[in-house]
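Here the structure is laid out as structure tokens; the discussion comes afterwards.
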Amino acid sequence: MRTSSRATTSRQQPAGADDSMPPLAMSPAAPKDSHNDPSWLRVGLTLTVALPAGIALGWGAFQLWPGATVRPFSTSTTIAATDAPSGTLSLRETDGLTVDGPEPDGPTADGPGDESSAATTDAPGGTGASAATDAPPSSPVAEQEDWIPETLSTQRTRLFARMRRGLRLDEAQMAAVEAIFAASPVLGQGNPEITQHPMARSTCRERRAAAGVVDVDEPRCGGPHRVPVFNPEAGQAARDARVCVDQFEFPGLPCEYPVVHVRAREAALLCKAVGKRLCDAHEWEGACAGALRPVEKEYTWGRPRPEAKHQHNVTRTRVWSYGPEKDHPRCATGSVRTPGCPGGGYDKCGSNTYPAGAFPACGSPFGAFDLHGNVAEHMSFPLRPEELGAAGGDGMTEMKGSWFVFATVNAHEDDCRWRAPDWHGTRVMSETSHLNYHLGFRCCADVADAALAAP
């Protein structure tokens, strides 16, 4: 077992279990070499098992009896199979797999998005570390949720399963997401060999529950965990919003670690894959400050970017998402750099992030979290009106917010409306756009015409 002296997350992995969901605490015993035995299938799903004795089994990856097979599905269903132990199996919530019946020669299932029962990491250098030995613990629910994969491949598989379920993505959307990840040797939630998260997912959920935070599914925004952004200064209300912003850094799920080592181009493509787009700078600023101002006031079209940035910064009103005074301890800023991290690099710098939304007091008036701390965020900076995201365009790269060490390292300003220097500047869609261990993104979504017409 490999653990962090700071983290509460567990890295214990019994060999051969599935990565897409945590295993049941009470599962039938499998042979020691069951990972290579096609008669034993590992299925990542949530089951309720009603046995004659009245025993109920819940969340987990279940070692099925010999002869069962699995297939993808997206809706709740009743599981029926021959040669099953006595009792009825019914599905409560899924992770992308279901059971169909006997198929003696079926392959071992490793969860959605994984092509092999012994997938290898695609980290730089191609170490070939086997995902077959990287599996969740077999006991309490909190430990299962808090399991941290040890390879990039299994990290991605776990992430894809959560995205599919939590964002209600269809097969085409998931295929597009997975293709973008597959094209990068580093895109993920941080190098699993050196990343040490200072807070567990279960702790995040406890903190949010204690603060009375309720997950949002705003109909006008067209999907879960998005909030409308508008301009109260002009008398607008949520019904007037023409854009929504993700509450959380991508993948846009509460209590999930943000995606990092992502180029601006990849960020834009991932937003598009899930039916959104990369936010423009002024949209991010408005979501943070609590007022989305007109583009005519937020950009000086035709002026050199450094000059326009300077003019904006000297006239801006300083405000943070949580109020008028900087208070970094309210946000995900108390982590540390990996010892020896030179300022960037996959092999030297762990992405020691917090679960998204773990600091309920670090939220904006609209309900977006972590606009300060956790990870800095890619945005698009339009230089002309046609480059606005709402017009279907894209601009130059812009980085917003701050990241997980800002309680002790104030690397730069991080109030809502501050605009950064032209760091690592490229077009958003450049294949050489910047990436780093503390840099992520969040998406925006234009409000559909049907929603605009609703009262």
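The values are calculated or read from the model by the stated rules, or taken from the named source; none is laboratory data. Everything numeric here is computed off the predicted structure, so don't read it as measured data. Please note: Cβ atoms are built from the backbone with ideal geometry, for glycine as well, and neighbour counts cover all protein chains shown.
Could you check how many residues of segment 166-203 are closer than 22 Å to GLY350 by Cα and either of a type in the set (Val, Ile, Thr) or surrounded by 17 or more Cβ atoms within 10 Å (Cβ to Cβ) (or both)? Explain how you work it out, then say what you get.
Within segment 166-203, the subset closer than 22 Å to GLY350 by Cα is 180-203.
Okay, now just the ones that are also either of a type in the set (Val, Ile, Thr) or surrounded by 17 or more Cβ atoms within 10 Å (Cβ to Cβ) (or both), so 180-181, 186-192, 194-203.
The total comes to 19.
Tell me, yes or no, whether segment 324-331 has at least one residue that is over 30 Å from the mean Cα position of the chain (by Cα), buried (at least 16 other Cβ atoms within 10 Å of the Cβ) and under 27 Å from VAL243 (Cα atoms). Spell out the reasoning first.
Pass one, segment 324-331, residues over 30 Å from the mean Cα position of the chain (by Cα): none.
The answer is no; no qualifying residue exists.
For segment 140-157, name all the residues that are modelled with pLDDT under 85 and not in a loop (DSSP other than H, G, I, E, B).
VAL141, ALA142, GLU143, GLN144, listed by residue number.
Residues to consider are GLY395, GLY389, GLY363; find the one that is touching a Phe, Trp or Tyr at 6+ places or on another chain (Cβ under 6 Å) and over 23 Å from ARG205 (Cα atoms). Before the answer, list the steps.
Numbers: GLY389 fails: touching a Phe, Trp or Tyr at 6+ places or on another chain (Cβ under 6 Å); GLY363 fails: over 23 Å from ARG205 (Cα atoms).
From the options GLY395, GLY389, GLY363, the qualifying one is GLY395.
Restricting to segment 175-212, what's the tally of residues that are in contact with a Pro (Cβ under 9 Å, 6 or more places away or on another chain) and part of a strand (DSSP E or B)?
Number satisfying all stated conditions: 0.
So which residues in segment 230-259 are more than 18 Å from LEU167 (Cβ to Cβ), of a type outside the set (A, V, I, L, M) and out of contact with any strand residue (DSSP E or B) (no Cβ under 9 Å at 6 or more places or on another chain), if there are any at all?
ASN231, PRO232, GLU233, GLY235, GLN236
Among the residues of segment 367-385, what is the count of those that are crowded, with 24+ Cβ neighbours inside 10 Å and either charged (D, E, K, R) or not assigned by TED's automatic domain parsing to the domain that holds TYR437 (or both)?
Of the residues in that region, 2 qualify.
Pairs, please: C-beta under 8 Å, at least 6 apart or cross-chain, first residue more than 14 Å from ASP446 (Cα to Cα) and in segment 208-227, second crowded, with 17+ Cβ neighbours inside 10 Å and of a type in the set (Lys, Arg)?
Filtered contacts from segment 208-227: VAL216/ARG226.
Okay, residues lined up against (1) farther than 17 Å from HIS378 by Cβ; (2) out of contact with any helix residue (DSSP H, G or I) (no Cβ under 8 Å at 6 or more places or on another chain):
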residue: VAL177; (1), (2): no, no
residue: ILE180; (1), (2): no, no
residue: PRO192; (1), (2): yes, no
residue: ASN231; (1), (2): yes, no
residue: HIS261; (1), (2): no, yes
residue: ALA264; (1), (2): no, yes
